[in-house]
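Throughout, read-outs are computed from the coordinates displayed, never taken from laboratory work. Because the structure is a prediction, the values reported are computed rather than measured. We place every Cβ from the backbone using ideal geometry, glycine too, and count neighbours over all the protein chains shown.
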Amino acid sequence: MKFRFFLLVAFFVASGFAIANTNDTTTFKPKPVYSKELQTVLSILNSYHYSKIKFNDSLSTAILQQYLLNLDGGKYFFLQSDVDTFSKYSTKLDDLSLAGDLTPAYEIYEVFRKRFSTQMDYILGSLVKSEFDFTVEEEFETNRDKMTWCKTQNELNDVWRRNIKNQALSLKLAGKKQEEITKTLTERIERMKKSILQFRSDDVFETYMNTIAEAFDPHTSYLSPKSAQRFNEQMTLSLEGIGARLQLENDYTKIAEIIPGGPAEKMGILKVNDRIVGVAQGVDGEMVDVVGWRLDDVVKLIKGPKGTTVRISYISGELGLNSKPLETSMVREKIKLEDQRAKKDVFPMIKDGKAMKMGVISIPGFYIDWDAMQRGEPNYTSTTRDVEKLLKELEVEKVDGVIIDLRNNGGGSLLEAIELTGLFINKGPVVQVRNSMGRVEVGEDDNAGLAYTGPLVVMTNRFSASASEIFAGAIQDYGRGVVVGETTFGKGTVQSVQELKRYVRPVAGEEVGSLKLTFQKFYRVTGNSTQHRGVTPDIAYPSVYDAQLFGESSNPSALPWDQIKGTLYERTGTINKQIIQTLAKNHAERIKTDPLLKKLVLEAEESRRAFQDSKVSLKEETRKKKQDEAEQAKNKAALTTTIGNKEGISPATQVPNVEDGYLYESILILSELATSRVG
């Protein structure tokens, strides 16, 4: 699953790469090999990308607009007059690029660098030393996507005044005195100036190439030699640190994904969309402010030797930017494939006076040891093999039903998604795959028999993607189980990596990059695509995440949802509309009365409001009031999480020791499937 390949810089710039030295008069020029790379990439995209989009005037305009945002996504540097001047390229980028001409990319960057230098001088010369008046009622818009380009330098300076004032107020409310505030703000700028010295011509080229690639779809990207190396390292499934993937957005380093099996997942405190504002080493090390840092530098602080402690100061994404920073401590670990394998739990419960047991199998990803399988090793590791073994163990323990938990499962092996489905259906098609030429292949389960025939619930959330969506969709289409939770991510495309050295012969001492290309699309057995829309659960749980902000739908260039002809398959008949309606009705009643479920609804509502409230007050009294309100909302939602005999739930229904509200509700739904109440 890919949220974005190259990331927007926070605080001062909006590029995933540092900016050139503001005192450096060097003019960057493209290397000769870049022209060949550009032409080769465009040839591959025009010929083999799934969408068959042509690089024409229309796409040229979109690429120009996005390139400006990839350099200055916060609209902190370019003026409207600059944007108007650049419009001369709006219908020419296609012709120039096809000819291998990178003039627009470097010319626009040079203007950006000059604007950046001007703003840095202004910030260091006056703003960071200002003693702001926090009694004035004014606001700062943190979501810069909502803003337009400034028309004058004075207007731009005012944007920066509000930006710095906002940070100064945050530091004051955190207990910092004026001297400390000035020192912290100055250090942020100085760190930025130091880091920008690393910028090179290569980075201009990579930014521009990614802008072109991602115009075709968000999962297509250009990988520079350095980025390709990082990509390969990520694929090894061996990570050291807290187990979180980070990205830069606006003013902060944001958690984009929690890695299964890592310390962050095990502790369950940090969440997707939390913003990291400080990092400290050990139990008593000084907390280092990291607002405005480059992503790589933040990662270096967080990563460290296995067994060492790191402390993270963060702003809760669920409570919003007006809330106070929180702090958590965790011990770094090396995350291995072993930590990301499927695992099981058994939860006893009482329903209508009868003792029952529910099995839960959590699957963090769809994995397979390809090398061992190809070597013919009989006991190679795979998701399907692990789950089949766990199902046998649950059978021995005599569970009354099974939950497959796919929350935060970003996908993996397509083969494993097909074979795992085969454990629950008696042969048949699982997924259809169409390539860029329109040819459709059907992925089928050819193995007769089922590993498990009992009641089945599949849990999903907004971060269940790709292979997870294939499995959940197939279980739903066959009527084999009930899908509960949130609508999934909506990634219904397949990518392959093409090394450009196969097509471009660089001069001695130079390297060329790679192209990650979308070339296939997934379809369910019904013919419906999983792209964009994902899998809609049979029973929807309260969700924090807006589809327009999270998932495939948040990307303007995402390929559309569509349909192809369905393939023949035979529904099991286990689950029908009447069963779903009854389960949904009972779920709706519990939402109104059960304390834990009411808490989930309240938290979801508060979090959605926090996401939408992107303006922050620059008046101390108002800001403090907002913080207090966020704290009160958090306390209000913090009802008891000890599940047992509770108001609103029949004393005959007890599920002890389950504090995960979504899992708790899934167990209750599964228990209804396993009894005669549904029929």
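Quick notes on this structure:
- Förster-model FRET efficiency, 25 Å R0, K357 and K266, C-beta, rounded to 0.05: 0.55
- Between helix 178-195 and the chain: long-axis angle, C-alpha atoms, 0 to 90°, nearest 10: 90
- Under 15 Å between alpha carbons - lysine pairs in the stretch 482-594 that sit 8 or more apart or on different chains: 4
- For the stretch 239-335: relative contact order, % (alpha-carbon pairs under 8 angstrom, 6 or more apart): 32
- The stretch 100-123 and the stretch 493-570 have Cα centres separated by 33 Å.
- With R₀ fixed at 25 Å, the C-beta to C-beta distance from Q153 to L124 puts the FRET efficiency at about 0.95.
- Magnitude of the charge dipole, the chain, Cβ model with Lys/Arg +1 and Asp/Glu -1, debye to 20: 80
- Among the GluC sites (Glu not before Pro) within the stretch 93-192, those in coil by DSSP and having at most 11 neighbouring Cβ atoms inside 10 Å are E131, E137.
- Using a simple spin-label model with pseudo-atoms 7 Å out from Cα toward Cβ, K176 and M437 lie 6.0 nm apart.
- Taking the charge dipole of the stretch 451-506 about its Cα centre, with +1 at Lys and Arg Cβ atoms and -1 at Asp and Glu Cβ atoms, the residue from T453, S464, V497 reaching farthest to the positive side is V497.
- Principal-axis tilt of helix 661-673 within the chain, Cα atoms, nearest 10 degrees: 30
- Taken about its Cα centre, the stretch 461-536 carries a charge dipole of about 140 debye when Lys and Arg each add +1 at the Cβ and Asp and Glu each add -1 at the Cβ.
- Bridge type composition, the chain - antiparallel percent by DSSP, nearest 5: 80
- Note on R502 and K54: their simple-model spin labels are 2.6 nm apart, each label 7 Å out from Cα toward Cβ.
- Rounded to the nearest 20 debye, dipole of the stretch 297-439 from Cβ charges on Lys, Arg, Asp, Glu: 240
- Model label zone, E395; criterion: amide N under 12 Å from point 7 Å along Cα-to-beta-carbon; scope the stretch 436-471: 449-454
- Extension gain, T103 to L549, is 157.2 nm, computed as 0.36 nm per intervening residue step minus the present C-alpha separation.
- Positive end of the dipole of the stretch 337-673 (Cβ unit charges, origin at the Cα centre): among N555, L390, Y367, the Cα lying farthest that way belongs to N555.
- Computed over the chain: relative contact order in percent, which uses C-alpha pairs under 8 Å that are six or more apart: 14
- Between the helical axis of 595-612 and the longest alpha-carbon principal axis of the chain there is an angle of about 20 degrees.
- The GluC sites (Glu not before Pro) of the stretch 376-478 meeting both criteria, a DSSP state outside H, G, I, E and B (loop) and at most 14 other C-beta atoms within 10 angstrom of the site's C-beta, are E397.
- Loop-located trypsin sites (Lys or Arg not before Pro) across the stretch 258-322 with a Cβ neighbour count of 12 or fewer within 10 Å are K306, with loop assigned by DSSP.
- Karplus-based coupling profile of the stretch 33-41, in residue order and whole Hz: 5, 4, 4, 5, 4, 4, 5, 5, 4, with θ = phi - 60° in 6.51 cos²θ - 1.76 cosθ + 1.60 and x standing for Gly or Pro.
- Since only L64, I181, Y89 are under comparison, the one whose Cα sits farthest along the positive direction of the charge dipole of the stretch 32-216, derived from C-beta charges on Lys, Arg, Asp and Glu, is I181.
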